[in-house]
Amino acid sequence: MASNKKYWKSEAELNPNDSIVEALRQNEFVEEIPVDEFLGDKEKLSSTNTNRRDFLKYVGFSTAAASLAACEGPVKKSIPYVVQPERIIPGVANYYATTIANGFDFASVLVKTREGRPIKIENNTDAKVNGGANARVQGSVLSLYDSTRLQGPVKGGEAIEWSALDADVKAKLNALKGSGKQIALLTQTYASPSTSKLIAEFKEMYGSVNHVVYDAISEDAALTAFEARYGERALADYDFEKAEVIVSFGADFLADWQGGGYDSGYSKGRVPKNGKMSKHVQFEANMSLTGANADKRVALTPMQQKIALAKLYAKLNGTSIGGEIPEYAQQAIDAVVAEIDKNKGAAVVVTGLQDVNAQAVVLAINESLGSKSYDAKAPKYIRQGSVKGLNALVADMKSGHVGALIMDGVNPMYTLPNASEFEEALGKVDLSVSFSTSWNETTEVTQYAAAANHYLESWGDTEIKKGHYSLIQPTIKELFDTRQFQTALLAWMDSDKSYYDYIKETWDADVLGGADWNQALHDGVYVSGSNSIDQFVETVASTVGLDEVDTSGVDVSSAVRNLSKAVSGGGMELTLYSKVGMGDGQQAGNPWLQEFPDPISRVSWDNYVTVSKADAITLELVNEHAANGGLDGSYAKLTVNGVTVDNVPVLIQPGQAPGSIGLALGYGRSVGMKEEMKTGVNAYPLYQGFNNVQSVTIEKTAGMHEFACIQLHNTLMGRGDIIKETTLEIFNTKDHAEWNKVPMVSLDHQEVEATSVDLWDSFDRSIGHHFNMSIDLNACTGCGACVVACSAENNVPVVGKEEVRRSRDMHWLRIDRYYSSEDTFEADNTKKEEFDGLSGDKGSLGGFGELEDPATNPQVAFQPVMCQHCNHAPCETVCPVAATSHGRQGQNQMAYNRCVGTRYCANNCPYKVRRFNWFLYNNNDEFDFHMNNDLGKMVINPDVTVRSRGVIEKCSMCIQKTQKTILDAKRDGRVIKDGEFQTACSMACSNGAIVFGDVNDKESKVAELKESDRMYHLLEHVGTKPNVFYHVKVRNNNEA
Amino acid sequence: MKKVTYRNQISRVLGVSLVVFLLFSGAIFGQDEAAAAGDPAKGKALFNQNCAACHALNRKMTGPALANVESRLSEDEGLDREWIYAWVKNSPGVIKSGDDYANKVFNEYNQAPMTAFPTLSNGDIDNILAYTAAPPPEPVVAEAAVAEEGSGDSSGISNELILGALVIIFGLLVMMLVLVQRTLRRIAVANGLDLEKEKAERGLPLWKAFAQNQFLVLVTVVLLLLSGAYFAYGWLMQVGVDQGYMPIQEIHYSHKIHAGDNKIDCKYCHSSARVSKHSGIPSLNVCMNCHKSIYEYKGNAEGPSKEDLANGYTNEFYTGEIKKLYKAVGWDEDNQSYTGESKPVEWVRIHNLPDLVYFNHSQHVSVAGIECQTCHGPVEEMEIMYQYAPLTMGWCINCHRETNVKVEDNEYYAKIHEELSKKYGVEELTAAQMGGLECGKCHY
């Protein structure tokens, strides 16, 4: 029934008079080829020195020269190893299990190396916690090959030797030993048993050592609340797979909330099984990834969220509490409480409000619910930062009590809201050393910049969750003269031990408990036996009284009271958040991540302030579509407590709570960066007191900003059945023919199903492999890990902001985001017809204002689209040179060397998945990204051709991977098992939304999924018979 | 070819052993009686089989030089044959027993323990000692080479003589013809014939007649154009095809000696061909597996052949190439140890497929069981490696069309072969029928 919903991709599309939208509806390519520009200008042509004859001469000469030059092939050298390492066979990939723990991202991953070069990050499926790599982790391998990396230690701008640095630091530390001044270590969160032990030993040796941890994007409130309740500075763990009701107050838990890693569990609970799926209600201000996936999303400003949370707590406990929230929010709360009452043990409430009260209330609710998806016994350690500790340190520095400041994994000059204060305080410190992989804002002001290893060059360990340990092992020797922080500490402690030995000793003594080190290293993860967890339960239960629910009841009730009294500080409420692509900004120099479009706004290469439509009108902020299909937005000035950030581009975000605005952290890096990467504005100065909610004044300033937005590039062109969705109720009660309608076409004047009509004879595809891909719109959260994984696997070039703006992005896999409003505005139509008179209950005077504005709170659907590998592919029939053809295994193949670049195929593709190489994107100074330098090229996958200018490219369904799987089986002489066939995207999808396999293997999962009632193909009525199919999105939403 | 090399080897072995025998029979009388108990010919066989990997007669290798080892030991160290028996059969035991000399040798040679040979009998050891006591055979190569060079020179002179004679004969013939013509002309004039008039009467010259016949001109032009196009096409088609490409390499590596004469399996060195897309150029440590003990070339005992000499491929030349290897890998021959200073060899790549082609060796070598020679030609006969096949797409495709897929004993193929062969109605499927002509199988 839901297929008659109205879908739209941008707010402008709702305006029937928008000429650009109209143009895009009619034209395949947004921009005409500018033939007129260079041939139409007669004056210019006649005034030029090159006349037609000369031109022909040049053409003739260059053709002859080029063909003559081609006669003699270049001499290629081949240089084998002198001593070949035992495990490296050229042409065969090796995999190593390691862990990223950069203070923001913590994940157990597998690293694929070729000839000793790490080239791709994959999920470690053995890991029970944080085994899924998000987009940033997928992209982190490219940061290893960043040409702007610090290549050796630096003192005052001059390169020095490590021995010199060691000597200076050691002399200083020894001098400080008895001086009464402290030695401060300011670091990221390590969650590392070995590093903790090492720092403890360092303290022992040098006396007054003060270790301060801070997170650029802080979870201090959550940590404090948890500590108050359970006596340990950690974060509660949640298993959303077990939850049947999920209520979130501003927690973007599908992205980076409390360190992330919750999306795969969430997705598993979102796929309807036996008529059941979890229900997710989101109260939030910004349109977040999590809100986009919610069954019901209630747009509230942060202040309203606090009151709503207090009301929820009160209602659950059968009391009531004051505070004003809108009527619809109150209704939503009532509905939520009813749901929770039905599923007491299977409900979970989370919040992302950086407010100790809110966090404490949430912990109390979860505990009183006895939620089985709530785990406080084995908490997570991946955020440890202490705002209090940091403030004390800065105060100490200012008062001259700090003799030495050694920093690792942090960039305070960029991430601190009070960076200038920090700089001033730093001036009073005798010795300052900053470990960093690249030259940044902090290394610029410290005396020593110590070149640090990338995590793929380092040893290390982490304890992500209590009892869940993982190891970091190097997958390549240090590319430069760099050293990791721990190795340096060991050197300064006059230890001749390597950090590897140190970890091994620590593990053998404290972690492994007799288990095999090599096995742990091989797996990358180690879950300590029940002993330590039991131990913890005993101690905590006895000391804190875990079993009693209301130990801190007094605190909670006051917390609730405080929450309900929340008031806005005047002006707009700003919510600072981190983007899926950029995080806290550590990897801002990574071109893959810069070009990665934001899942919600589809904007790449930028951050921006998101405002609601209503506020935009009052503030006179506009978004316009330029003639070339690009998006332009006004600039605004944001002021928080006297701190002003100027020239912030404005993006009108459907679903943004009126009265609130949002801005992403992590952009606006400026030091040590390539010019192209200096994108966006730095929002950290507004992140005062490490609170993600700020009271702000916003003011329009002059000028328009040019976005690189993929938003309006291709519209649905009126084909409304691309996304099919329904509600759980209809899904459970009605026949699939009703909610998953097969389009009908006319054959001999009879209405028949489109799938039964065929223009062509079908080939026999029953023999051998036949690859299909299944995409479950329920499991897909739109996180985009697959997009970056695809870029890494298939050498997809980065084209830069200007080219993306011209809709020349090269991603083989895009995740389309569709907004939808309630069913075709029918409710409004009825309402309008019932208008009676000007005023009164049904008066049209106020009534029109009440009509729903679709942009206020739309539903969102994500749909990954890659080449659909049609069995009856329209692209294949139009290629004049047969460069694209079909394989028996179902893959639509693209022979780049045959392609002459007519782009007929792109024109004829109904899915718009073909990408044209407008330029040479490698070895070209115009595109100075990783493919333009030798270091960056080390990430290139040697099994996939790097495409040249003038050819079309597209998803190959990772034919290099399927072919390898087949070859491995042939070599072993065995049958291929289900699950062996994988593509880069299906491997990257830890949510299980993308499943790949051989449908001729009737036992396979993909064959089973193809038989599902939810299965449908994109644009079935076109009759392309794609090999990619989708599963109808089911919303657990009975109101719609 | 294989047979021939084999025969060569036999004759070489026979020749060498004859020389050795003769030399020995003279030497035997000069040696003390104990050595006389052994048979140096047998000893040589045993030595080559068991000892040569680590010992040479006259130079230090992994182990000490063994020429006259017995007399050396008895004279310098006062050790008798019994000690040698014990050492050979169980050297670690002797070292452990605390024997002074044993420990000295052990430490001198980097504490590399000598393999114990409990299977060697005392008689065998006698034979080996007899061999070590006899001085190694003098190379007869130089003499033979000189002799052959001389003979080569003489044949060159005779060729020139013959050619000179032929030139003289030819000159005489021409002279005779001229004389005959002059005589005939004189006779004609005497008979009153007007030669010039005769010529004019015979009509137009041939080329003028041809130019006047338009049909002939047209046909000729068409033919010329067609043949021109044919040759132009042929020329263009070979652009970028480097068949026969035979670059000079940094080290003159002879596949003929390794794969031909010594019958080393291709995949011993190119081991990754079995599992990887690359056949792999062997790393230098693979070379050193053998070349630690093979420090000089003495392949053809009867001396290099004529054409080898013409190319400069003398034994010294090859030995020089081995020294180049030592230099690259950083092998110190005197101390039998690596210096650690290495310099990778930059080979010129011969077989270059463009980047747009994916080719996997293991698919062809391990799965299909295709001989290396099918694509690389008679490598075992190549003194200098060259590109044998054109490596064009047409060449690939032809083979895929003609070659049957090796499906025996491969469970992977069981189902698909059964179904496909039924579909195509054939007993055996070619690679093409299996899908080996699809673009995407090689281009991605």
When the residues of the range B:153-192 are filtered to those that are of a type in the set (A, V, I, L, M, F, W, C) and within 30 Å of residue B:307 (Cβ to Cβ), which remaining residue is modelled with the lowest pLDDT?
B:157
Hey, does the range B:431-443 have a residue that's of a type in the set (D, E, K, R) and either within 13 Å of chain A (Cβ to nearest Cβ) or more than 23 Å from residue B:244 (Cβ to Cβ) (or both)?
yes
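Residues are listed down the side, and each one gets a yes or a no for (1) surrounded by 22 or more Cβ atoms within 10 Å (Cβ to Cβ); (2) within 14 Å of chain B (Cβ to nearest Cβ); (3) among the aromatic types (Phe, Trp, Tyr):
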| position | (1), (2), (3) |
| --- | --- |
| A:749 | no, no, no |
| A:759 | no, no, no |
| A:766 | no, yes, no |
| A:769 | yes, yes, no |
| A:772 | yes, no, no |
| A:786 | yes, no, no |
Do you know which residues across the range A:995-1015 are surrounded by 22 or more Cβ atoms within 10 Å (Cβ to Cβ) and either farther than 18 Å from residue A:981 by Cα or without any contact (Cβ under 8 Å) to a residue 12 or more places away in the chain (or both)?
A:1014
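Yes or no, residue by residue, for (1) surrounded by 21 or more Cβ atoms within 10 Å (Cβ to Cβ); (2) of a type in the set (Ser, Thr, Tyr):
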{"residue": "A:375", "(1), (2)": "no, no"}
{"residue": "A:385", "(1), (2)": "yes, no"}
{"residue": "A:391", "(1), (2)": "no, no"}
{"residue": "A:398", "(1), (2)": "no, no"}
{"residue": "A:411", "(1), (2)": "yes, no"}
{"residue": "A:414", "(1), (2)": "yes, yes"}
{"residue": "A:418", "(1), (2)": "no, no"}
{"residue": "A:424", "(1), (2)": "no, no"}
{"residue": "A:452", "(1), (2)": "yes, no"}
Can you give me the number of residues within the range A:859-908 that are surrounded by 22 or more Cβ atoms within 10 Å (Cβ to Cβ), assigned to a loop (DSSP other than H, G, I, E, B) and more than 14 Å from chain B (Cβ to nearest Cβ)?
3
Any idea which residue in the range A:977-1012 is farthest from residue A:887 (Cα to Cα), counting only those that are in contact with a strand residue (DSSP E or B) (Cβ under 7 Å, 6 or more places away or on another chain) and within 13 Å of another protein chain (Cβ to nearest Cβ)?
A:983
Any residue in the range B:286-295 that is facing chain A (nearest Cβ under 10 Å), in contact with a Gly (Cβ under 9 Å, 6 or more places away or on another chain) and under 20 Å from residue B:350 (Cβ atoms)?
no
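Out of curiosity, is residue A:147 farther than 26 Å from residue A:665 by Cβ and either at pLDDT below 95 or among the charged types (D, E, K, R) (or both)?
no
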Being in contact with a Gly (Cβ under 7 Å, 6 or more places away or on another chain) and among the small types (Gly, Ala, Ser), is that true of even one residue in the range A:66-85?
yes
Conditions (1) touching a helix residue (DSSP H, G or I) at 6+ places or on another chain (Cβ under 8 Å); (2) surrounded by fewer than 20 Cβ atoms within 10 Å (Cβ to Cβ); (3) more than 30 Å from residue A:145 (Cα to Cα): number failed by residue A:941:
(3)
Taking only the range A:289-348 into account, find how many residues are of a type in the set (D, E, K, R) and within 30 Å of residue A:581 (Cα to Cα).
4
Matching entry among A:166, A:105 (being in contact (Cβ under 8 Å) with a residue 60 or more places away in the chain, of a type in the set (Asp, Glu) and surrounded by fewer than 23 Cβ atoms within 10 Å (Cβ to Cβ)):
A:166
Quick one: how many residues across the range A:406-424 are out of contact with any helix residue (DSSP H, G or I) (no Cβ under 7 Å at 6 or more places or on another chain) and hydrophobic (A, V, I, L, M, F, W, C)?
3
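Only residues that are among the polar types (S, T, N, Q), surrounded by fewer than 22 Cβ atoms within 10 Å (Cβ to Cβ) and at pLDDT 85 or above: list them for the range A:615-631, please.
First, pick out the residues of the range A:615-631 that are among the polar types (S, T, N, Q): A:618, A:623, A:628.
Now narrow it down to the ones that are surrounded by fewer than 22 Cβ atoms within 10 Å (Cβ to Cβ): A:618, A:628.
A:618, the sole residue that qualifies.
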Is it the case, given these coordinates, that residue A:50 is β-branched (Val, Ile, Thr) and modelled with pLDDT under 80?
yes
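Being under 22 Å from residue A:962 (Cβ atoms) and in contact with a helix residue (DSSP H, G or I) (Cβ under 9 Å, 6 or more places away or on another chain) narrows it down to one of A:995, A:1034, so name that one.
A:995
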Just the residues that are at pLDDT 85 or above and either at the interface with chain B (Cβ under 7 Å from one of its Cβ atoms) or closer than 30 Å to residue B:250 by Cα (or both), please, taken from the range A:56-80.
A:75, A:76, A:77, A:78, A:79, A:80
For a quick check of your reading of the model, give me the residue pairs whose first member lies in the range B:238-254 and is facing chain A (nearest Cβ under 10 Å), whose second is among the small types (Gly, Ala, Ser) and surrounded by 17 or more Cβ atoms within 10 Å (Cβ to Cβ), with beta-carbon atoms closer than 9 Å and at least 6 apart or on different chains.
B:250/B:328
Listed residues A:283, A:202; which is in contact (Cβ under 8 Å) with a residue 40 or more places away in the chain, outside the structural domain of residue A:687 (by TED's automatic domain parsing), in a strand (DSSP E or B) and in contact with a Leu (Cβ under 6 Å, 6 or more places away or on another chain)?
A:283
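The values are calculated or read from the model by the stated rules, or taken from the named source; none is laboratory data. Being a predicted model, the structure only gives us computed values, none of them experimental. Methodologically, a virtual Cβ is constructed for each residue, glycine included, from the backbone with ideal geometry; neighbour enumeration extends over all protein chains shown.
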